[in-house]
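Enquirer: Provided herewith is a single structure, encoded as structure tokens, for subsequent inquiry.
The values are calculated or read from the model by the stated rules, or taken from the named source; none is laboratory data. Not measured: the values here are computed from a predicted model. All Cβ positions, even for glycine, are placed from backbone atoms using ideal geometry, and neighbour counts span all protein chains on display. Surface areas here come from the heavy atoms of the whole protein model, side chains and all, with no ligands, DNA or RNA. Shrake-Rupley method; radii C 1.70, N 1.55, O 1.52, S 1.80 Å.
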Amino acid sequence: MERPMTGIEEEQEAILRDRSGSDSSFDSDTEYKSDLKKLSGALDSIGYGFFHVILLFVSGWALASDSVEILCISFISPAAEHDLGLTKKTEGWLDASIFIGMMIGGYFWGSWADAVGRRACLLNSLLLNGGSGFISSFMPSYGWFLTFRILSGIGVGGSMPVIFSYFTEFFSKRKRGPFIILLSMFWTIGQVYTALLAWAVIPQHCIKFHLFGMEFHNWRVFAMLCTIPSLSSVLFLLMMPESPSFLLHAGKQRRLTKALTTISRVNSIFRGKGRLTKGYIEIEISKHEAKQPSSMKNASLCGIVTSMLNTIWANVKQVSQPSCHYDLMCLYCIC
């Protein structure tokens, strides 16, 4: 019969278990960092070619769609003043609707992108952005129009920050800077697109027709046309692979190999045989625990949403700590 453990012995065993867990976590982090180096080496071996040109235009067009959505409301508000019965107060709320939605969406989509992937997050947020914007053009009243513009803003709150993560994760760290600058240029392209579209459509008072029992004026047509970049971006992204860094992060060996093979094959279209050898493509992910919360693995949609809400609340509590107040104030002043 075993002797019962004393209180001191129980404490010592607990300390040993904690140390064992810490060592395991350290080994897992070390292996993960080693895998990141392997991935960076593979991306450098692939080189940068036609795939990355396609990636730049697809990601840039998605970023331009966010720029269009933010700017277009400034042209819609004055033109819709009579049809929606806008006052200075309601017009101000309409102008702020996109930013209210972005503030809400920013918390949700970041956790979603870490749970299901950058590409999946972009597809859903762009679809929400474009779909809500398109439906809003059919709304007969101010209240419904405002509601769908806020929903559109929630989509923008997801796609705008995630598009940078998705884009840069196809490059090694030493190559990211110049390509981020090229991607940022598409924000201005989106603004130019919006201004030219407004110049071509809104002054045309002859644009007037009936659809579904409702009279369409120029501003409604303009609102519909402004959804083209976001909805077309969804179609383009369907043909793109998931971010290699996320696939490594999630421990998805087979999909990672397939993504790297696709990049190498497309890059070799205009330069002959690809430079990437089979050994580099087949990065063997170390047997570390995938860097996802355990509640995210093999979980139902309800479980994933619950886990994301818990993560959001934990982040809110973390930044609300008194030790973070000074840093937050500095960030607010800078921004």
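Enquirer: Provide the FRET efficiency to the nearest 0.05 for the PHE99-SER323 pair, computing r from the beta carbons and using R0 = 22 Å.
Expert: Efficiency for this residue pair is about 0.20.
Enquirer: Work out the length of the dipole vector of segment 49-193 about its Cα centre, built from +1 on the beta-carbon of each Lys and Arg and -1 on the beta-carbon of each Asp and Glu, and round it to the nearest 20 debye.
Expert: About 580 debye.
Enquirer: If each residue of separation counts as 0.36 nm, what is the full-extension length gain between THR147 and PHE164 once their alpha-carbon separation is subtracted?
Expert: Length gained, THR147 through PHE164: 3.4 nm.
Enquirer: About the Cα centre of segment 67-124, what is the dipole size in debye to 20, counting +1 per Lys and Arg Cβ and -1 per Asp and Glu Cβ, all else neutral?
Expert: The dipole magnitude comes to about 220 debye.
Enquirer: Roll a 1.4 Å probe over the protein heavy atoms and report the accessible area of ILE202 in Å², nearest 10.
Expert: Using a 1.4 Å probe on the heavy atoms, I get roughly 30 Å².
Enquirer: 7 Å from Cα along Cα→Cβ at both LYS88 and LYS38: what's the point-to-point distance in nm?
Expert: For LYS88 paired with LYS38, the spin-label model returns 6.5 nm.
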